[in-house]
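Beneath this line is the structure, given in structure tokens, with notes to follow.
The values are calculated or read from the model by the stated rules, or taken from the named source; none is laboratory data. Values in this document were obtained by computation on a predicted structure and should not be read as measured data. Don't worry about glycine lacking a Cβ; one is built from the backbone with ideal geometry, like all the others, and counts go over all protein chains shown.
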Amino acid sequence: MVQLTRIYTKSGDKGKTALGNGTRVAKNNIRVAAYGTVDETNAVIGVARLHANGETDAMLARIQNDLFDLGADLCTPGNGVDDDPERPALRITADQVERLEREIDAVNAGLDPLTSFVLPGGSPLSAQLHMVRTVSRRAERLIVELAGIEDINPECVRYINRLSDHMFVLARHANEGGKADVLWKPGLTRDL
């Protein structure tokens, strides 16, 4: 259990922060950028939840919790294979990825078929979920960059990749099951 007795520690005043294993790195380190952008994704979901209810809100709440797990995983160097069995790091699991896949499939089954690319917009919830989708894609790019230079848990990449797909189908669901999607019209303004 986490217990915070002081909010500021002054330990980062020189531009360094501690990773989950205690190693101190620069605050602009790619690992810090990756889990920081996961945190940003979580915050944008918090705004989206202001417009959500029912099962959509429940899915978003589960995802917010997962994103803290993902941040903890990315904050702790290693891929999980060599974790200390006495004090294993919190890692994203295949089960969490598979839950996202089941939810994507269930939501997508109720959507109108796509006839064009979808522009962000429609309902307030849909617009906000598209914002989540794009922020999560930025997090994915940073996580993939990190994975190119250090060992990380491969489930991190799988999870964040599924998350943007999840946000896409939820955004369409929030637009009356796709009926109120804002569709791209190629070349619409070329002759104006």
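Okay, residues lined up against (1) modelled with pLDDT of 95 or more; (2) among the polar types (S, T, N, Q); (3) surrounded by fewer than 16 Cβ atoms within 10 Å (Cβ to Cβ):
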position	(1), (2), (3)
ALA33	yes, no, no
ALA48	yes, no, no
ALA58	yes, no, yes
ALA72	yes, no, no
GLY80	no, no, no
GLU86	no, no, yes
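May I ask you to verify whether LYS179 is more than 21 Å from ALA48 (Cα to Cα) and in contact (Cβ under 8 Å) with a residue 40 or more places away in the chain? Here the answer is no, as LYS179 does not meet what is asked. Among the residues of the range 92-126, just one is surrounded by 19 or more Cβ atoms within 10 Å (Cβ to Cβ), out of contact with any Leu (no Cβ under 9 Å at 6 or more places or on another chain) and in a loop (DSSP other than H, G, I, E, B), namely GLY122.
In the set (1) at pLDDT 95 or above; (2) exposed (fewer than 13 other Cβ atoms within 10 Å of the Cβ), SER164 fails one condition alone, (2).
In a loop (DSSP other than H, G, I, E, B) and either under 20 Å from LEU67 (Cβ atoms) or out of contact with any helix residue (DSSP H, G or I) (no Cβ under 8 Å at 6 or more places or on another chain) (or both) - does that describe any residue in the range 157-177? Give the steps one after another, and end with the answer.
As a first pass, look at the range 157-177 and keep what is in a loop (DSSP other than H, G, I, E, B): 175.
Now restrict to residues that are either under 20 Å from LEU67 (Cβ atoms) or out of contact with any helix residue (DSSP H, G or I) (no Cβ under 8 Å at 6 or more places or on another chain) (or both): none.
Within the range 157-177, not a single residue is in a loop (DSSP other than H, G, I, E, B) and either under 20 Å from LEU67 (Cβ atoms) or out of contact with any helix residue (DSSP H, G or I) (no Cβ under 8 Å at 6 or more places or on another chain) (or both).
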